[in-house]
Amino acid sequence: MKDSNRELTYENPVYKPAGEQFNEKQILIRSTPGEGNEKMKESIVDGAISKKAYSTEYAVSTKGAAEGDSVVIAKYATNDCGEKCNNLDNSNPDKSNKASQMFNRVYYSYPGQKDKDVVSGDISIEGECDNVLPANIDSAIPGCFSTGQFLLGLFGSVFPSSDWTNCGEGEEGCVNAEDIVLKISPMFKDTNRFTNTRNKTAMDPVSSSTYKSVYIMTPCRINVAGKPVNVKCAWDMSYIFEERQTAEFDDVGGSDTPTHEEYVEFLKKESSTRQDPLLSM
């Protein structure tokens with residue numbers, strides 16, 4: 001990052017750490033003076049989990065069969081700016097999710113409203129993803145997210161072997177592996193919810209009604225009937241692209257923000273060329 005403003009611009013298309021989507025100033029400015037400020041700092045800024053492994057539960061379900069477990073993220077990489085640029089290397093999403101919960105209450109909730117958790121914990125097995133704008137990152141991300149380790153062996157009982165062996169193209173009951181997308185339950189659900197609502201309120205009604213979440217598509221391998229099968233995984237990382245769009249809303253008299261396509265190319269390059277060692281949390 002160029003400086004402590006952490007602005008996402010064409011010349012500096014930043015990618016913030018998962019737990020540092022919002023800095024301390026952005027969080028505390030919404031608190032009341034005195035005791036309210038101290039409580040918010042204690043609960044969100046200082047109380048959030050940082051640099052500790054985290055997990056998300058998931059379930060796989062099809063007709064007549066269901067299994068589940070959890071996936072653990074236990075590695076992180078440092079950055080080259082740190083405290084100097086107000087950019088701590090915190091890859092645990094707890095702080096971003098807690099701040100987003102507060103922002104949603106302050107900005108977009110009416111008094112007495114109860115928060116509804118509209119995010120399912122299921123991994124859906126789908127032929128295609130509806131209402132999704134895919135950002136294909138090729139094979140770069142599985143080096144960080146070991147999808148194969150937690151999916152391997154899971155699908156032997158979900159898909160019967162007859163679906164995969166002696167199966168002709170177009171035959172009833174057969175499954176084409178290329179059509180399978182595993183939609184991973186988001187680990188940033190509160191952050192996604194806030195950034196999604198924030199962006200929609202800045203759009204006209206037509207654009208808002210057709211707004212699509214952005215899923216990063218990565219290759220995954222599953223083991224079916226003793227055979228490795230290549231499929232796709234979809235990770236809900238909408239907040240990354242909604243931050244880009246928020247920066248675009250601020251452009252006046254000409255764009256200073258990379259387009260969606262340019263930002264995808266930046267992320268692909270970053271994830272495939274960085275040589276940072278992965279450290280254990």
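Please arrange Cys85, Cys220 by counting, for each residue, the other beta carbons lying within 10 Å of its beta carbon, fewest first.
Arranged by neighbour count, lowest to highest, Cys85, Cys220 become Cys85, Cys220.
Calculate, in nm to one decimal, what Ser208 and Leu279 gain on full extension: separation in residues at 0.36 nm each, minus their alpha carbon distance.
21.6 nm
Once phi is turned into θ = phi - 60°, what whole-Hz ³J(HN,Hα) does the Karplus curve with 6.51, -1.76 and 1.60 give for every residue of the range 13-22, x standing for Gly and Pro?
x, 5, 10, 6, x, 4, x, 10, 5, 10
Highest first, please rank the peptides 94-105, 259-270, 201-212 by the mean number of other Cβ atoms sitting within 10 Å of their residues.
Ranking, from highest mean packing down: 94-105, 259-270, 201-212.
Per q in 0.25, 0.28 Å⁻¹, report the Debye log10 I(q)/I(0) for the range 224-281, using one uniform scatterer on each alpha carbon and no solvent.
The Cα Debye sum returns log10 ratios of -1.07, -1.14.
For a quick check of your reading of the filter: which GluC sites (Glu not before Pro) in the range 1-55 sit in a DSSP loop and have no more than 13 other Cβ atoms within 10 Å?
In loop regions of the range 1-55 (DSSP not H, G, I, E or B), the sparsely surrounded GluC sites (Glu not before Pro) are Glu11.
With the crude spin-label approximation of a point 7 Å out along Cα→Cβ, what separation in nm comes out for Val252 versus Glu270?
Those two pseudo-labels are separated by 2.7 nm.
Residue by residue, what Karplus-based ³J(HN,Hα) values in Hz, rounded to whole numbers, does the range 205-221 have, using 6.51, -1.76 and 1.60 with θ = phi - 60° and x for Gly and Pro?
Result, ordered by residue: x, 5, 5, 5, 6, 10, 5, 10, 5, 10, 10, 7, 9, 10, x, 9, 10 Hz.
In nm, to one decimal, how far is the Thr9 label point from the Glu83 one, both placed 7 Å along Cα→Cβ?
That separation, rounded to one decimal, is 2.6 nm.
What chymotrypsin sites (Phe, Trp or Tyr not before Pro) does the range 1-40 have in DSSP loop regions with at most 16 other beta carbons within 10 Å? Show your work: numbers first, answer last.
Working: sites: Tyr10, Tyr15, Phe22; in loops: Tyr10, Tyr15, Phe22.
Sites meeting the loop and neighbour criteria: Tyr10, Tyr15.
Just rank Ile49, Ile44, Ile27, fewest to most, by other beta-carbon atoms within 10 angstrom.
Lowest to highest Cβ neighbour count: Ile49, Ile27, Ile44.
Run the quick spin-label model on Ile49 and Thr259: label points 7 Å from Cα toward the beta carbon, then report their separation in nm to one decimal.
4.0
Which ³J(HN,Hα) values, rounded to whole Hz and listed in residue order, are derived for the range 84-93 from phi using the Karplus coefficients 6.51, -1.76 and 1.60 in 6.51 cos²θ - 1.76 cosθ + 1.60 with θ = phi - 60°, glycine and proline given as x?
4, 9, 6, 9, 5, 7, 10, 9, 7, x
What is the Å³ per residue value for the convex hull set by the Cα atoms of the range 6-45?
56
Values quoted throughout were computed directly from the atomic coordinates according to the rules given, and no laboratory measurement underlies them. Just so it is clear, the model here is predicted, and its values are computed rather than measured. Positions of Cβ are backbone-derived with ideal geometry, glycine not excepted, and every protein chain shown enters the neighbour counts.
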